[in-house]
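**Q** Below is a structure I'd like to ask you about.
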Amino acid sequence: MFLFYLTLTTTFPTLLISSSARQIFREIDVNDDNTISQSELGAWFNYQDVEYLKKNAREHFTMFDKNHDNAVTWEEYANIAFGSNHVDTCKEVYDNKTPPEFSKLGKQVQDAIMTAVRRWRAAGGFSMSQEEFTGFTYPELFQHMRNIVVAEAYQTYDTNRDGKVSAEELLVKKFKLTSRQVEEFSKGKFDIKEEPNMLGLKDRNGNGIFEKKELSYWLMENRRLMRKKESEGLFKDMDSDGNTRVSLPEFRSNSNKIRWSSIGRFIDIKEEL
């Protein structure tokens, strides 16, 4: 695809923290009782995950801000994301025009441009600040971007374009569930342990259709719920004596588990001398 979408998925993560186990333990232990609770570990997990996304967005903001004026215009973005030969076309599309060149582009390119236009308008407008650009890059982090996130879901999952996202369209085509599993899901009996990307997704009235509110909750909360579930599993592994608290020795002896977690890519726990 285009450079912008590639960079978000292929940029190697930069470190957020490089500290000893003791220092990281103290950071997680926010109430200073010399132990870590499950809620403290969960909050830290979520915070580090969100901070990484924000840092990644800041790095991309710098890349797109070619004139270094602390703002990224639609033209600057389009020049890198879609190529200099498509800048004029992207500008006209942003102005609600349909230039002849646009219709000559492939459907994948057209969809990518239109998705970017919708996000760009919702996030801040023609010229964006760093924070607005973060909302454009990771809309699921910002409540004011909720409608855009849901609209993109309909664009992706409403394959028959009937204005609805059915269980068939989402559960079968995306998650590869069988008809029996879809029925179990609708009754709240499907075990999603093997599908963490489904956390937060519920067909609350069991009508086989995912309403906008149901999709919205899943799309906006899924990442946080995955980190919560992961941190709960990690806490259980660390709490070797089962007293519902993790001591510094327990944390030290299990610090390798953080290295292998989803946030371990950008947390460097140094060996203590």
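**Q** Quick check: is even one residue across region 14-22 touching a Ser or Thr at 6+ places or on another chain (Cβ under 8 Å) and either open to solvent by 70 Å² or more (accessible area, probe 1.4 Å) or modelled with pLDDT under 95 (or both)?
**A** So far as region 14-22 goes, yes, one or more of its residues are touching a Ser or Thr at 6+ places or on another chain (Cβ under 8 Å) and either open to solvent by 70 Å² or more (accessible area, probe 1.4 Å) or modelled with pLDDT under 95 (or both).
**Q** Could I ask something else about it? Could you check, for region 130-139, whether at least one of its residues is over 30 Å from Thr73 (Cβ atoms) and either modelled with pLDDT under 90 or touching a helix residue (DSSP H, G or I) at 6+ places or on another chain (Cβ under 6 Å) (or both)?
**A** No, region 130-139 contains no residue that is over 30 Å from Thr73 (Cβ atoms) and either modelled with pLDDT under 90 or touching a helix residue (DSSP H, G or I) at 6+ places or on another chain (Cβ under 6 Å) (or both).
**Q** How about region 200-215: which of its residues are buried (at least 17 other Cβ atoms within 10 Å of the Cβ) and farther than 13 Å from Ser186 by Cα?
**A** Gly200, Leu215
**Q** Tell me whether region 180-192 contains one or more residues that are in contact (Cβ under 8 Å) with a residue 24 or more places away in the chain and open to solvent by 70 Å² or more (accessible area, probe 1.4 Å).
**A** Scanning region 180-192 turns up no residue that is in contact (Cβ under 8 Å) with a residue 24 or more places away in the chain and open to solvent by 70 Å² or more (accessible area, probe 1.4 Å).
**Q** Residues in region 228-251 that are within 29 Å of the chain's Cα centre (by Cα) and farther than 14 Å from Glu40 by Cβ: how many?
**A** Of the residues in that region, 5 qualify.
**Q** Given the structure, is Glu214 touching a Gly at 6+ places or on another chain (Cβ under 8 Å), of a type in the set (Asp, Glu) and over 18 Å from Arg22 (Cα atoms)?
**A** no
**Q** Could you list, in sequence order, all residues of region 223-254 that are open to solvent by 20 Å² or more (accessible area, probe 1.4 Å), in a helix (DSSP H, G or I) and either charged (D, E, K, R) or in contact with a Gly (Cβ under 6 Å, 6 or more places away or on another chain) (or both)?
**A** Arg223, Arg224, Leu225, Arg227, Lys228, Lys229, Glu230, Glu232, Lys236, Asp237, Arg252
**Q** Kindly provide the set of residues from region 99-146 that are over 20 Å from Arg223 (Cβ atoms), buried (at least 18 other Cβ atoms within 10 Å of the Cβ) and in contact with a strand residue (DSSP E or B) (Cβ under 8 Å, 6 or more places away or on another chain), ordered by number.
**A** Matches in region 99-146: Trp120, Met128.
**Q** Okay, moving on. Counting only residues that are under 19 Å from Lys212 (Cα atoms) and among the hydrophobic types (A, V, I, L, M, F, W, C), how many does region 183-202 have?
**A** 4
**Q** For the condition open to solvent by 80 Å² or more (accessible area, probe 1.4 Å), within 30 Å of Glu250 (Cα to Cα) and modelled with pLDDT under 95, what is the one hit in Tyr52, Tyr47?
**A** Only one candidate qualifies: Tyr47.
The values are calculated or read from the model by the stated rules, or taken from the named source; none is laboratory data. All values derive from a computational prediction rather than experimental measurement. Cβ sites come from the backbone with ideal geometry, for glycine too, and all protein chains shown count toward neighbours. Just so you know, the surface numbers come from the protein's heavy atoms only, side chains and all, with ligands and any DNA or RNA stripped out. Shrake-Rupley method; radii C 1.70, N 1.55, O 1.52, S 1.80 Å.
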